[in-house]
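Trainee: Here you go, one structure.
The values are calculated or read from the model by the stated rules, or taken from the named source; none is laboratory data. Here the structure is a predicted model, which means the values were calculated and not measured. Here the Cβ positions follow ideal geometry from the backbone for every residue, glycine too, while neighbour counts run over all protein chains shown.
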Amino acid sequence: MNPQTPKTNPLPTWHAAPMRVTAWLALGVLVGVLAGAASALFLFALQRATDFRTAHEPIVYGLPIAGLLVGWIYERFGRSIAGGANLIIDTIHDEGPCLPLRMAPMVLVGTVLTHLFGGSAGREGTAVQMGASLADGALRLLKLSGALRRQVLAAGVAGGFGSVFGTPVAGALFGLEFVVQGRIEYAALLPALTAAVIGDLTTRALGIAHSVYPVPGALALSPLLLFKWLVFALALSLGTRAFVELTHFLKAQGALRIPRLPLRMFTGGITVVVLWRLVGTSDYLGLGVPTILRAFSDDHLPVYAFALKIVFTAVTLGAGFLGGEVTPLFFVGAALGNVLARALGLPLAMGAGVGLAAVFAAAAKTPLALSVMAVELLGASLFPHAAIVCTLCYLMTGRRGIYSAQRQS
């Protein structure tokens with residue numbers, strides 16, 4: 001009897017041969033160029049829209065009409081892409097139909113209009129959707145499918161995220177981490193990292209400059225500091241839960257009580273305008289980057305700033321406006337971190353930086369990606385503190401996050 005060959009666990013496909021690696025690199029470069037170019041166009045348009053709104057604040061009164069228009073367009077032509085980032089997660093898991101190419105231009109225009117008229121939203125959702133839809137379109141053009149598709153879609157997510165924030169390593173990890181809670185898709189590591197790096201290089205080569213954040217000074221770990229970080233993480237987890245639950249609640253109630261998307265967005269637009277007039281400031285409209293930067297140094301930042309940003313963003317996204325959650329969550333985390341740093345005797349820049357990373361890590365269930373993102377944005381001195389608080393906050397927040405389609409490991 002011939003001895004049987006012992007069974008072994010197969011390695012990921014890109015380990016199989018040099019030709020496989022070359023193919024992965026080529027696909028990663030292609031996806032990265034597409035995602036990076038799309039992010040550059042998006043960021044250019046977004047900056048122009050923000051600048052125009054800042055110089056002409058009365059345009060915010062047009063948000064309900066913009067919502068009515070965008071809602072009608074999405075109701076008429078965008079039903080197949082209404083799931084957004086959740087549609088991408090489902091497609092990666094279930095090998096659904098090809099993501100429509102119109103997802104990229106529609107989400108780009110919709111998000112720019114949201115920001116032009118003052119909606120409180122982010123940009124990562126748009127970049128991720130553009131990157132994934134362009135990656136899927138490239139696969140269809142090249143007549144490639146099967147197991148390859150899952151990895152290339154993850155690369156599209158990584159390329160979009162990494163290029164829109166200028167954080168390629170975090171972008172790669174985000175593309176591997178956000179699909180399944182508690183598990184990293186290592187099979188897509190090479191194409192995701194390639195797409196994220198090439199995407200970032202492409203965006204920068206096209207003249208896009210990213211926000212520059214203050215770099216906190218070094219702070220040595222100690223038993224007392226670890227206790228403070230534990231309290232810090234607990235408070236951040238409560239803020240994260242408030243954001244997640246309020247956003248999901250408003251989305252569910254809005255769809256139940258106002259089934260027509262245009263009317264739901266019109267109503268949401270009116271609500272944002274009323275809130276804007278009540279608070280008497282434009283600080284909570286759009287991305288809110290100036291307030292994020294202010295949180296690193298201003299010990300007079302209003303203690304309620306984070307709560308108002310939660311409400312503005314939950315109303316905007318709950319009504320169906322386009323965008324993402326990352327930058328608003330950066331705002332929430334940095335503002336709440338500022339308040340907690342004052343209360344616990346921590347350096348303001350350290351508290352704001354750790355809060356910025358940890359709130360999104362907990363909301364998106366991506367603690368590793370955000371620990372690394374903190375380093376790429378704020379310097380290596382933040383790493384041990386961000387890693388500790390991101391992990392604690394992720395665990396304390398529970399399973400429910402901003403992406404309802406995420407699977408459990």
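Trainee: For the stretch 367-384, enumerate the residues that are of a type in the set (V, I, T) and closer than 12 Å to V326 by Cα.
Mentor: If the condition is that a residue be of a type in the set (V, I, T) and closer than 12 Å to V326 by Cα, then no residue fits.
Trainee: When the stretch 28-70 is examined, which residues are found to be among the β-branched types (V, I, T) and over 27 Å from L144 (Cα atoms)?
Mentor: Matches in the stretch 28-70: T50, T54, I59, V60, I65, V70.
Trainee: Pick from A362, A335, A307, A319: which is at pLDDT 95 or above, assigned by TED's automatic domain parsing to the domain that holds V272, farther than 20 Å from S222 by Cβ and surrounded by fewer than 24 Cβ atoms within 10 Å (Cβ to Cβ)?
Mentor: The unique qualifying residue is A307.
Trainee: Turning to a different aspect of this structure: Quick check: anything in the stretch 339-359 at pLDDT 95 or above and among the basic types (K, R)?
Mentor: Yes.
Trainee: Within the stretch 88-111, which residues are at pLDDT below 80 and either under 30 Å from Y61 (Cα atoms) or assigned to a helix (DSSP H, G or I) (or both)?
Mentor: Passing the criteria: I89, D90, T91, I92, H93, D94.
Trainee: State the number of residues belonging to the stretch 112-164 that are assigned to a loop (DSSP other than H, G, I, E, B) and either surrounded by fewer than 24 Cβ atoms within 10 Å (Cβ to Cβ) or not hydrophobic (A, V, I, L, M, F, W, C) (or both).
Mentor: Adding up the residues that qualify gives 10.
Trainee: Give just the number: which of (1) among the polar types (S, T, N, Q); (2) free of Cβ contacts under 8 Å to residues at least 60 places away in the same chain; (3) surrounded by fewer than 22 Cβ atoms within 10 Å (Cβ to Cβ) does T91 not satisfy?
Mentor: That leaves (2) as the condition not met.
Trainee: Hey, any hits in the stretch 269-287 for a residue that's loosely packed, with under 14 Cβ neighbours inside 10 Å and outside any helix (DSSP H, G or I)?
Mentor: Looking through the stretch 269-287, at least one residue is loosely packed, with under 14 Cβ neighbours inside 10 Å and outside any helix (DSSP H, G or I).
Trainee: Shifting gears a bit: Just name the residue that is nearest to A405 (Cα to Cα) out of those in the stretch 165-205 that are within 12 Å of the chain's Cα centre (by Cα), assigned to a helix (DSSP H, G or I) and of a type in the set (F, W, Y).
Mentor: Here the answer is F174.
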